[in-house]
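Trainee: My structure is below; once you've seen it, I'll send some questions.
The values are calculated or read from the model by the stated rules, or taken from the named source; none is laboratory data. Just so we're clear, the structure is a prediction, and the values are computed from it rather than from any experiment. Ideal geometry is used to build each Cβ from the backbone, glycine not excepted, and the neighbour counts take in all protein chains shown. To get the accessible areas, we keep the full protein, side chains included, count just its heavy atoms, and leave off ligands, DNA and RNA. Shrake-Rupley method; radii C 1.70, N 1.55, O 1.52, S 1.80 Å.
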Amino acid sequence: MLIEKDKSSLIIIDVQEKLVSAMPKPYKFIDNIIKLQKAANILRVPCIFSEQYPKGLGKTINKIKENMSYKNSIIEKTDFSVPIANLSEHCIICGIEAHVCVLQTAIELADNKKKVYVVQDAVSSRYEKDYLTALSRLDKHPNIQIVSCEMVLFEWLRSSEHPEFKTISQLIK
């Protein structure tokens, strides 16, 4: 099944100061999160941001905050999973850490009949084995698909004739 823009929410999980500093090569996955975030803003896809215990782990990093639009919401949490109420049918998930908050959120959403798309090049974990194990486990769930950033962008557009095609294409460099 293709991702449907009008049925989508982008969920950006725990891209916070202290967590990002612990990630290997953080800018590759962060750059892809920003591409998704900018495309979501252009295409009017709602974005939800979570912050895991912000008093201890800090707030969402400025690079992400700069691209927040007026329709974005931030959820502070202490549970590892992002609360699942009132989310769209198609949930596009990115953020950190793949094997904890991303995994638990994805599985809870999928178990609650949401179609979940985990963006493999927009998630990270401190250790590669945890990242790979998380993707392997998520890929086995019937309501979860592992996708790439570009897959999401072009499925949201569906056609080179989409009015925002050129603008979105400029995000991919």
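Trainee: When DSSP beta bridges are limited to those with both residues in the stretch 15-173, what percentage is antiparallel, rounded to the nearest 5?
Mentor: 5
Trainee: Roughly speaking, what % of Cα-Cα pairs in the stretch 53-126 are separated by over 17 Å, rounded to a whole number?
Mentor: Considering the stretch 53-126, 50 percent of its Cα-Cα pairs are separated by more than 17 Å.
Trainee: Could you work out the Rg to Rh ratio of the stretch 13-88, with Rh taken as the Kirkwood radius (inverse of the mean 1/r over all Cα pairs)?
Mentor: Rounded to two decimals, Rg over Rh is 0.95.
Trainee: Name the lysines eligible as straight-distance cross-link partners of K113: C-alpha to C-alpha under 18 Å, and not fewer than 8 places from it in the same chain.
Mentor: Within reach: K5, K7, K140.
Trainee: Please calculate how many Å² of accessible area the chain carries per residue, with a 1.4 Å probe and no DNA, RNA or ligand atoms counted.
Mentor: Heavy-atom accessible area per residue stands at 51 Å².
Trainee: Additional query: Over 18 Å between Cα atoms: which of K63/K114; K28/K77; K25/K63; K18/K59 fall into that group?
Mentor: K63/K114; K28/K77
Trainee: Would you mind telling me the antiparallel percentage of the DSSP bridges in the stretch 12-105, rounded to 5?
Mentor: Restricted to the stretch 12-105, the bridges split so that about 10 percent are antiparallel.
Trainee: Let me ask another. Debye calculation, C-alpha points only, no solvent: report log10 I(q)/I(0) for the stretch 92-153 at q = 0.21 Å⁻¹, in the same order as the q values.
Mentor: Once normalised to I(0) and log-transformed, intensities are -0.71.
Trainee: From the Cα trace of the chain, what convex hull volume per residue do you get, rounded to a whole Å³?
Mentor: Hull volume normalised by residue count: 104 Å³.
Trainee: Give me the aspartates and glutamates in straight-line cross-link reach of K115: C-alpha distance below 16 Å, same-chain residues under 8 apart excluded.
Mentor: E4, D6, E89, D139, E155
Trainee: Could you compute the net charge surrounding A122? Neighbours are other residues with a C-beta less than 14 Å from the C-beta of A122; K and R count +1, D and E count -1.
Mentor: With Lys, Arg at +1 and Asp, Glu at -1, the neighbours total 0.
Trainee: On to the next question. If Lys and Arg each add +1 and Asp and Glu each add -1, what is the summed charge of the other residues whose beta carbon sits under 13 Å from the beta carbon of E150?
Mentor: -1
Trainee: So who's got an amide H within less than 5 Å of the one on I11, skipping anything under 5 residues away but keeping other chains? H placed 1.01 Å off N, in plane.
Mentor: I48, I92, I93, C94
Trainee: What FRET efficiency do you get for E150 and K55 if R0 is 30 Å and r is their Cβ-Cβ distance, rounded to the nearest 0.05?
Mentor: Between E150 and K55 the formula returns 0.25.
Trainee: Next up: Taking amide hydrogens as modeled 1.01 Å from N in the peptide plane, which residues meet the under 5 Å criterion relative to Q145, leaving out close sequence neighbours?
Mentor: V116, Y117, V118
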